[in-house]
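*Asks:* Mind looking over this structure? Questions follow.
Bear in mind that the values in this text are calculations on the coordinates, not laboratory data. Fair warning: this is a prediction, and the values are worked out from it, not measured in the lab. Here Cβ is always computed from backbone atoms with ideal geometry, including for glycine, and neighbour counts include all displayed protein chains.
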Amino acid sequence: MALSREQIAQRVAQELKDGYYVNLGIGIPTLVANYVPEGIEVMLQSENGLLGMGRFPTEEEVDADLINAGKQTVTMTAGASLFDSAESFAMIRGGHVDLTVLGAFEVDVEGNIASYMIPGKLIKGMGGAMDLVAGADNIIVTMTHASKHGVSKLLNKCTLPLTGKGCIKKVLTDLAFIEIKDGKFHLLERAPGVSVEEIQQLTEGELVVNGEIPEMQF
Amino acid sequence: MAGFNKVVNSYQEALAGLEDNMTLIVGGFGLCGNPENLIKEIKRRGTTGLTVVSNNCGTTEHGLGILLFDKQIKKMVASYVGENDNFESQMMSGELEVELTPQGTLAEKMRAGGAGIPAFYTATGYGTPVAEGKEVREFNGKKYILEESVTGDFALVKAYKADTYGNLVFRKTARNFNPLAATAGKITVVEVEEIVEPGELDPDEIHLSGIYVDRLIKGDFEKIIEQRTVRPSNQSEQGA
C-alpha cells in the first residue's frame, strides 16, 4: 500500500537525530514535527526568523507578531531565538541547518528539483525554497511517486523550471525511499506491501536495485 | 525636529516627498510586521508607478495589496505573491511587472544595499530561471550567480518600540525584513507602537541603530492574522 501523508512524515522523522536543527517546508514536511522519536531533541527553524518553533498557540496565546513561514500563528519553545531574514538565510545558505525537508513536483537522476512553478499556471513564487535547496547538504524531498494518472515524477530530466540544480540526494515518496547518486536512483526501502516491480514501473529515471530491498518499518 | 529627534506627528509628514515612479523597500513577512499605516497613506496620496521591493504583496484587502485597487504599483519584486486576487489579475494582464526573487536573496539584496555592497555571489538560483542573464562564477568547485543589491528612494518599516532618536526594537517574527529594509532607503520612515525618550532603551537591546532612521511616527495597528491556527487549550503538553 502506498504511504499516507502521515506515514511519509513518520518515515522522515526516523531520519531525525538528537540535536538536529531542522527546517520543515509547507505541507507533508510540516507533519514531521508530530513524529519526533522519543528521547530525541530537535529544534525547528522557520525561515521568517525563528529558531525553536513550538506548537500552535491556544486561543489565549495567539500573537499576530509570532508566525511561521506558512504565515500560521505559532509559539516558541524554551531556548528559542529570533532574528531578521538576512540572518535566517545566513543560517540556511551557510549550511548551519542539519536537515531540510521539502516537497517537490519532480526530481531527476542528477539531483535536480522542480517545485515552484508550472508554466501556464499561476506563478506564486519560490519563497525560500531556492535558498533552502542551494544551502543545505542534507535534504529530504517528500512527494508522491507518480501523478494520479501514473506518470512518474522521478525523471531522467526534470521538465519543469528548476528550483535547484544537483542538490537533492534523498527522496521519500509514498512508495519508496530513494537515494540519488552517480546519476541514478538507488532504491533503499519500499513501502509495506509495495513490490520492487511496482516502484520500477513508476520510476522513469534509471533505478538501481541492489539485492533484497527491505520494507519500511514503522 | 531638532538634533537627533526623528519624530513626526502625521502620516502626511512621514511620507512627504514621496513621488510617482519611486522605488520603495518595504518590511514585513506577509502581513506580519508590515507598515500598515504608511501603506494606507500611500493609498490616500494616490502615488502611482511605484516599484515595490517586499517579500510579499499583502492580501487582497490588507497590506501592500490595497495599493493594487488603484493600480499604484508598476513593478513588484517579491519572493511569494499568493493570497491576492488583484495581484493575479494584474500580473496576468501584464499591467503589473513581477520579478520573483528567492527570499534569502531578497533579504541579502536589502542588507547589501544598505551596507554599500553593490552585488554578491550566491548559490541560490543557480541553474534555475532566476539565473537567466546573470554572471556565473565558480568558487571551490561550486557554482554561484551574481546578484545585485537594492536600495530605495524610501524604506517603509514597522518596529515595535523606538526612542525619539530612532533606535529600534522589533518584536518576535515581526522583525523579518524590517531592519534590512530600514538600512536600504534614502529616506527611511518607521512606524512604531511606542516611542520612549533616549536612554530608556537598553543600548544592548537595540536591534537597529537610529542612524538608519530619518522619520519616526507612532501608529495604531490592526495586526491582521493571515492564518489563525490554534490548538484547544486543554491539550496535554508535548514537545515541538
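*Asks:* What shape does chain B have by the C-alpha gyration tensor, where a ≥ b ≥ c are the square roots of the eigenvalues, rounded means a/c under 1.5, and otherwise prolate means a/b greater than b/c and oblate the rest?
*Replies:* rounded
*Asks:* For labels at A:GLN201 and B:ARG45 in the simple 7 Å Cα→Cβ model, what's the distance in nm?
*Replies:* 6.4
*Asks:* Additional query: So for region A:5-208, taking the charge dipole from beta-carbon charges (+1 Lys/Arg, -1 Asp/Glu), which of A:MET76, A:ALA191, A:ILE92 sits furthest toward the positive end?
*Replies:* Result: A:ALA191, furthest along the dipole toward the positive end.
*Asks:* Let me have the relative contact order for chain B, percent, based on Cα pairs under 8 Å that are six or more residues apart.
*Replies:* 23
*Asks:* Under the rule of at least 5 residues apart or a separate chain, name every residue whose amide H is placed under 5 Å from the amide H of A:GLY164.
*Replies:* So A:GLY164 has HN proximity to A:ILE113.
*Asks:* A further question follows. Counting other Cβ atoms within 10 Å, keep those with at most 10, restrict to DSSP loop, and tell me which GluC sites (Glu not before Pro) in region A:111-218 are left.
*Replies:* A:GLU212
*Asks:* Hull surface divided by four, with the convex hull built on the Cα atoms of region A:59-162: how many nm²?
*Replies:* Answer in nm², one decimal: 9.1.
*Asks:* I would also like to ask the following. Would you calculate a helix-derived [θ] at 222 nm for chain A, using -39,500 (n - 2.57) for each DSSP H run of n ≥ 4 and dividing by the full residue count, to the nearest 500?
*Replies:* Estimated from H runs of four or more residues: -4000 deg cm²/dmol.
*Asks:* How much of the DSSP beta bridge set in region A:1-133 is antiparallel, as a percent to the nearest 5?
*Replies:* Close to 55 percent.
*Asks:* Report the convex hull volume per residue for region A:5-208, counting only C-alpha atoms, in Å³.
*Replies:* In region A:5-208, the Cα hull volume divided by residue count equals 135 Å³.
*Asks:* Placing +1 at every Lys and Arg Cβ and -1 at every Asp and Glu Cβ, with all other atoms neutral, what dipole size does region A:5-208 have around its Cα centre, in debye to the nearest 20?
*Replies:* It comes to approximately 700 debye.
*Asks:* Say R0 is 51 Å: what FRET efficiency, to the nearest 0.05, do A:SER152 and B:SER89 get from their beta-carbon distance?
*Replies:* After rounding to 0.05, the efficiency reads 0.90.
*Asks:* Please build a GNM for chain B, connecting alpha carbons under 10 Å apart, and tell me which residue among B:ALA14, B:ALA119, B:ALA107 fluctuates the most.
*Replies:* Maximum among the listed residues: B:ALA119.
*Asks:* Further question on the same structure: Among B:GLU200, B:GLU95, B:GLU36, which one moves the most in a GNM of chain B with springs linking Cα atoms closer than 10 Å?
*Replies:* B:GLU200
*Asks:* Mind ordering B:40-49, B:170-179, B:123-132 by average Cβ neighbours within 10 Å, highest first?
*Replies:* B:170-179, B:123-132, B:40-49
*Asks:* Related question: What is the set of long-range amide H partners of A:TYR21 at a cut-off below 5 Å, with H atoms built 1.01 Å from backbone N?
*Replies:* Distant-sequence amide H within range of A:TYR21: A:MET43, A:ASP98, A:LEU99.
*Asks:* Ok, one more. Pull out a ≥ b ≥ c, the square roots of the eigenvalues of the alpha-carbon gyration tensor of region A:107-218, then state rounded if a/c is under 1.5, prolate if not and a/b is larger than b/c, and oblate in the remaining case.
*Replies:* Taking the square roots of the gyration eigenvalues as a ≥ b ≥ c, region A:107-218 is prolate.
*Asks:* Could you work out which residue, out of B:THR101, B:THR122, B:THR164, moves most in a Gaussian network model of chain B, that is, has the largest mean-square fluctuation with Cα springs under 10 Å?
*Replies:* B:THR122
*Asks:* Taking amide H positions as placed 1.01 Å from N in the peptide plane, with prolines and chain starts having none, which residues 5 or more places from A:LEU175, or on another chain, fall under 5 Å of its amide H?
*Replies:* Here the answer is A:LEU3, A:HIS145, since their amide H atoms fall under 5 Å of that of A:LEU175.
*Asks:* Return the calculated 222 nm mean residue ellipticity for chain B, to the nearest 500 deg cm²/dmol, obtained by summing -39500 (n - 2.57) across DSSP H runs with n ≥ 4 and dividing by the residue count.
*Replies:* -4500 deg cm²/dmol
*Asks:* With the calculation restricted to Cα positions, what are the radius of gyration and Dmax of the protein assembly as shown in angstrom?
*Replies:* Rg and Dmax of the protein assembly as shown, Cα atoms, are 22.9, 79 Å.
*Asks:* Which entries of A:LYS153/B:LYS109; A:LYS17/B:LYS134; A:LYS148/B:LYS134; A:LYS71/B:LYS218; A:LYS169/B:LYS134 show an alpha-carbon separation above 31 angstrom in the structure shown?
*Replies:* A:LYS153/B:LYS109; A:LYS17/B:LYS134; A:LYS148/B:LYS134, as the Cα separations exceed 31 Å there.
*Asks:* Starting at the first residue of region B:16-29, write each ³J(HN,Hα) from the Karplus equation 6.51 cos²θ - 1.76 cosθ + 1.60 with θ = phi - 60°, in whole Hz, x for Gly and Pro.
*Replies:* Calculated HN-Hα couplings, in order: 4, x, 6, 10, 3, 6, 7, 9, 10, 9, 10, x, x, 10 Hz.
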